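S.K.: First, the structure itself, so that you have it in front of you.
Bear in mind these aren't lab numbers, they're just calculated from the coordinates by the rules spelled out. What you are looking at is a predicted structure, and each value in this text was computed from that prediction instead of being measured. Positions of Cβ are backbone-derived with ideal geometry, glycine not excepted, and every protein chain shown enters the neighbour counts.
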Amino acid sequence: MRDYLRAALKEPLVHFLLAGLALFLFFAWRGDSVDPESRTITITEAQVERLAASWAQTWQRPPTQAEIDGLIRDHVKEEVYYREGMRLGLDQDDTIIRRRIRSKMEFLASSELENEEPGDATLQAMLDKNPQVYAADARTSFDQIYLAAQDEAAARTRATQMLAALGTGADWQKLGDAISLPRSPENVDRARIAADFGDDFAAALAGLKPGAWTGPVSSGFGLHLIRIRSVQASTKPKLADVRQRLENDWRAQTVKAREAKAYQALLDSYTIKIAKP
Amino acid sequence: MKKSLLFSGSAGLALAALALTMPRGDAPAQAAEPVDAVAASAYPERPLFGDTHLHTTNSFDAFGAGNRLSPNEALRFARGEEVMSSSGIPAKLSRPLDFLVIADHSDAIGVTTDLYNTAEADLADPVLKRWRNMLHGDRKEAYAVTREIIASFQSGKIPQDLIRPDRIAAMTRRIWDAQIDSVERYNEPGKFTALHGFEFSLQIKGNSIHRNVIFRDGADKARTVLPFPSQGTKGPEPLWSFMEAYEKASGGRMLAIPHNANLSNGIAFALTGPDGGPLTAEQARRRAAREPVVEVTQFKGDSESHPYLSRNDEFADYGDAGWENGNAPLSQLKKPDMFGGEYAREALKRGLLIEARTGVNPFAFGMIGSTDTHTGLATADEDNFFGKFSNDEPNPDRINTIINPGIAESRIGHQYLAGGLAAVWATANTREAIFDAMMRREVYATTGPRMAVRMFGGWNFAASIFAGDWVKTAYAKGVPMGGNLALGKGAPSFIVQAQKDPMGANLDRVQIVKGWVDAKGAPQEKIYDVVWSAPKQRRLVKGKLTPVGDTVNLATASYTNSIGAPELRTVWRDPDYKTGQKAFYYARVLEIPTPRWTAYDAVRFKMKPPAGAKLKDQERAYTSPIWVR
């Protein structure tokens, strides 16, 4: 029970609720009544049109329905914060406000989050959810023959002829044009392939099967005939190997999640009415 | 208005809350990374691309302009994650960088953030009160504070409360420690290197004496010092003393990278020492030891060459327009006799002159590019320019931004370049290998494209070298870029190989720039076109090469690679060499013409660019020189 209490006291949401309770008590004591009307936000058609017009001015096209919804959500958020701020007399810059902002901001992740250490279970769960994000890329070994392609049609014709020659036992080392790209990359990951040959080439290569000569595949340099020698599939990473990355991502995600939670807590006390044109 | 803005700056407030409440003395977050985890190759196999010059919300001017991104977000972005920009645009690099140095201004680090978060009632000084309220005002007002702070620093009228030593010391320690934690968390040897660093930004009457300082070391050593402020110094010498003291006390290593020589009004590469007398051997030695590399291209212009100094160089004016008008705040306009102390090529020649007189070359430096971004987003391509400051993030007005308001010679938004990159021939992607490559100057500058450029000097290189494993042979029989080639017999020969950016434009040509001092003691330069695309059609006529052509379509901001070459390489022997001549040689690689960021903006925002805005250019790379000596 005591441990539970201690854990609960560390939970920022609890801090937030306690701060809210303190504020509520303060205002109850001060005698401010909550006017239900001030808890209603009405978005009119005219307002929606204004939001859309100002958006269009910046982007030189009308917003999509999804973008309009985003603008409205943002506007509601601003209004909620604005009213909360007014309710707290934020314009008077008094101590209560400063504490209120501080507690909200502390809640928003900051210092506690920076010093918090996520446990193994949390990180393992993140890893299990998205293993492909943290896995080392597949490693590919391949041979490539380069064809300069200033005249692409001619290069494609040559590629077809070359493929036929390779089929009848031509020595691949003697084919192709000169360029200082690696001819037989060994166990390279996708990032390496992309850095050397370009993203599109790396993507095309990922779809090829080991075995025979194939292509041509385009790169930033021209065309390439490809022979995949081997592909070593990516393996599921161990927690210890990717711990720091998981922790970094956890921190970044948790900041966002807590911010959303804080806003939701405020938002829940409002009734939102929206009229769309 | 004021209230809603308070909330719209919530990211900044969150950061401030972090800074204000972070307890000291706790065990800092530190990755357990054995240094030997990454194997180094026998010689550098491929260039690493990075940015040595990035500002986060902690730089006072960046915050003033609306930057709310912390070092964490800057690092996430550079390594390829999506982040939300300060102006609310989701941003992700299509190609991550290999390394990043966070280089926030050491002076007044965090002060604007702090001022923003201080209640008005708690400020006694009327100037601070006004600044605080302006920071909460609209974007223009907030940014005006930045300029007022810079001006008051320069005039010495800065409100003392803002720079109270105890206040500054506590704040700097807090921010530095938090930055160190972030850099450690994102440093991933072998994949992505995050280096500790800061910027020393001395302005002498508005003339820039700026340095980015980089640590070779990890958190344990970096934490033993604080970023060294320029306030109170009159030159870079106190910074060098600080670096020397750090190395002695900690056993670590540091280097300093001068930049924006183009805004120094002639004092960046002066022929004189701090006392006004001719530079001495000891001063030259000290400088050369501390400053192996100069950043020659970035958002605020290009400092490689200027047409006033290089009359026979048809490509000398790249990135000079506007920036050449005077010093940074334009408090003093440029006079032609200042150019010599500002541009790298001339400085390399001055280095030879000083060496002839004293025996030591103070300006034997290599060259890199970087961004100087103040948005926390390290973008260096024309099609992803995120602006120098957060208020210049993509928007239809930034092309017309008046950079120096109220001054007739003001620079205009369209004169910003889209930023450069530092290319480093390191043996591994680690702090140690990157730092060591910079120390031996095996680095080069690009104006953004990731071209792979090799250069070697030797006495007996011939074209037949390309038949075999030539790089290995070149290392064995010559020196790479940044190296010293001892005087030899015959004429020096140079291998140069330039490969295009696999995602970018084809190459126009490779040139070799030679500098030397003639028999009369006068510095000279000559530019040789050594290899170019379509050699059957393009000829040298009276020393000028037929232009490569132009495929840029401004209506769509696009180009095609139907001209130019994917790769250019040659072995070139200096035809004008005189036995015993001391000289430097570096390569300049030009791409075919491509649209500038201004052209992309014009298409994106469907607007007519202002008259005088340059819409296309030939991007380029500059290698570090090889010195024959």
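S.K.: Two decimals is fine: what is log10 I(q)/I(0) at q = 0.11, 0.15 Å⁻¹ for the stretch A:137-232, from a Debye sum with one equal scatterer on every Cα and no solvent?
M.R.: -0.28, -0.53
S.K.: Let me ask something additional. Within a 10 angstrom radius of the beta carbon, how do B:Leu97, B:Leu309 rank from fewest other beta carbons to most?
M.R.: Ordered by Cβ neighbours within 10 Å, fewest first: B:Leu309, B:Leu97.
S.K.: Give me a single rounded figure for A:215-223: the average over its residues of other chain Cβ atoms within 10 Å of their Cβ.
M.R.: 3
S.K.: Now for a different question. Mind checking Rg over Rh on the stretch B:553-597, alpha carbons, Kirkwood formula for Rh?
M.R.: Ratio value, two decimals: 1.20.
S.K.: Here's something else I'd like to know. Once you have the alpha carbon radius of gyration of the stretch B:249-358, what is it after dividing by 2.2 N^0.38 Å, with N set to its residue count?
M.R.: Ratio of Rg to 2.2 N^0.38 Å for the stretch B:249-358: 1.12.
S.K.: If packing is taken as the average count of other Cβ atoms within 10 Å, what order do B:381-391, A:143-153, B:81-91 fall into, highest mean first?
M.R.: Ranked from most to least packed, the peptides come out as B:381-391, A:143-153, B:81-91.
S.K.: Which whole number gives the average, over all residues in B:176-182, of C-beta atoms from other chains lying within 10 Å of the residue C-beta?
M.R.: Counting other chains' Cβ atoms within 10 Å and averaging over B:176-182 gives 1.
S.K.: Check A:Gln232: other-chain or 5+ apart residues with amide H under 5 Å from its amide H, H built from backbone geometry?
M.R.: A:Arg139, A:Thr140, A:Ser141
S.K.: Can you give the local net charge around B:Leu330? Use residues other than it whose beta-carbon is closer than 14 angstrom to its beta-carbon, Lys and Arg +1, Asp and Glu -1.
M.R.: Charge balance near B:Leu330 sits at +4.
S.K.: Here is a further query. How long are the semi-axes of the equivalent ellipsoid of chain B, taking √(5λ) for every eigenvalue λ of the Cα gyration tensor, in whole Å from largest down?
M.R.: The equivalent ellipsoid of chain B has semi-axes of 39, 27, 24 Å.
S.K.: Relative to the compact globular guide of 2.2 N^0.38 Å, what is the alpha carbon radius of gyration of the protein assembly as shown, as a ratio?
M.R.: Expressed relative to 2.2 N^0.38 Å, the Cα Rg reads 0.99.
S.K.: Can you run phi through the Karplus equation (6.51, -1.76, 1.60; θ = phi - 60°) for the stretch A:187-193 and list ³J(HN,Hα) in whole Hz, with x for Gly and Pro?
M.R.: Going residue by residue, I get 6, 9, 8, 4, 4, 5, 4 Hz, with x marking Gly and Pro.
S.K.: Based on Cα positions only, what radius of gyration and what Dmax would you give for the stretch B:165-305, in angstroms?
M.R.: 16.0, 48
S.K.: How crowded by other chains is A:141-154, given as the mean number of beta carbons from other chains within 10 Å of each beta carbon?
M.R.: 1
S.K.: Now for a different question. Can you check what the net charge comes to around B:Pro71, using other residues whose Cβ is under 11 Å from the Cβ of B:Pro71 (Lys, Arg +1; Asp, Glu -1)?
M.R.: With Lys, Arg at +1 and Asp, Glu at -1, the net is -2.
S.K.: Sort A:213-223, B:265-275 by packing, meaning the average of other beta carbons within 10 Å per residue, with the highest value first.
M.R.: Highest-to-lowest ranking by the protection proxy: A:213-223, B:265-275.
S.K.: So, one more: Need the list of aspartates and glutamates near B:Lys157 for cross-linking: C-alpha distance under 17 angstrom, and skip anything on the same chain fewer than eight residues off.
M.R.: Those aspartates and glutamates meeting the cut-off are B:Asp107, B:Asp125, B:Glu148.
S.K.: What are the residues whose amide H is under 5 Å from the amide H of B:Asn404, where those residues sit 5 or more places off or on another chain and H is modelled from the backbone?
M.R.: B:Arg411
S.K.: When ranked by the protection proxy of mean other Cβ atoms within 10 Å per residue, highest first, what sequence do the peptides B:109-119, B:53-63, B:157-167 form?
M.R.: Put in order of decreasing packing, that is B:53-63, B:109-119, B:157-167.
S.K.: Taking each full run of DSSP H in chain B as one helix, which ones are at least 27 Å long along their axis (Cα atoms) and have mean Kyte-Doolittle hydropathy of at least -1.0?
M.R.: Qualifying helices, which must be both long enough and hydrophobic enough, are B:165-186.
S.K.: Using θ = phi - 60° and the Karplus relation 6.51 cos²θ - 1.76 cosθ + 1.60, list the HN-Hα couplings for the stretch B:48-60 in order, rounded to whole Hz, with x at every Gly or Pro.
M.R.: 9, 10, x, 10, 9, 8, 10, 10, 10, 4, 6, 6, 4
S.K.: Another question, if that's okay. For a quick check of your reading of the filter: which trypsin sites (Lys or Arg not before Pro) in the stretch B:401-450 sit in a DSSP loop and have no more than 11 other Cβ atoms within 10 Å?
M.R.: Hits after loop and neighbour filter: nothing returned.
S.K.: Can you find, among B:Ser264, B:Met455, B:Phe60, the residue sitting farthest towards the positive end of the charge dipole of the protein assembly as shown, where Lys and Arg contribute +1 and Asp and Glu -1 at Cβ?
M.R.: My answer, from the dipole projection, is B:Met455.
S.K.: Then there's this: Taking H as built 1.01 Å from N, whose amide H comes closer than 5 Å to the amide H of B:Glu188, not counting residues under 5 places away?
M.R.: B:Thr193, B:Ala194
S.K.: Where Lys and Arg each count +1 and Asp and Glu each count -1, what net charge lies around B:Gly515 among other residues with Cβ under 15 Å from its Cβ?
M.R.: Within the 15 Å Cβ shell, the charges total +2.
S.K.: Report, in whole Å, the centroid distance computed from the Cα atoms of the stretch B:223-252 and the stretch B:71-130.
M.R.: Cα centres, the stretch B:223-252 to the stretch B:71-130: 24 Å.
S.K.: From the backbone phi of the stretch B:315-320, what are the Karplus-calculated ³J(HN,Hα) couplings (6.51 cos²θ - 1.76 cosθ + 1.60, θ = phi - 60°) in whole Hz, Gly and Pro given as x?
M.R.: The phi angles translate into 10, 6, 8, 4, x, 9 Hz.
S.K.: Let me ask something else. Exceeding 19 Å between C-alpha atoms, which entries from my cross-link table qualify? They are A:Lys77/A:Lys273; A:Lys256/B:Lys92; B:Lys205/B:Lys334; A:Lys77/B:Lys140; B:Lys542/B:Lys616; B:Lys500/B:Lys614.
M.R.: With Cα atoms farther than 19 Å apart: A:Lys77/B:Lys140; B:Lys542/B:Lys616; B:Lys500/B:Lys614.
S.K.: On a straight-distance basis, which aspartates and glutamates could pair with B:Lys472 in a cross-link, Cα separation under 15 angstrom, same-chain partners fewer than 8 positions away excluded?
M.R.: B:Glu45
S.K.: Also, I was wondering about something else. Can you give me the Rg/Rh ratio for the stretch B:399-523, using Cα atoms for both radii and the Kirkwood formula for Rh?
M.R.: My calculation of the ratio gives 1.09.
S.K.: Where the centroid of each part is defined by its Cα atoms, how far is the stretch B:534-559 from the stretch B:275-310 in Å?
M.R.: Here the two parts' Cα centres lie 33 Å apart.
S.K.: Indicate the gyration tensor shape class of the stretch B:517-622 (rounded, prolate or oblate), computed on the Cα atoms with a ≥ b ≥ c the square roots of the eigenvalues: a/c under 1.5 is rounded; otherwise a/b larger than b/c is prolate and the rest oblate.
M.R.: Prolate shape, in that a/c is at least 1.5 and a/b is the bigger ratio.
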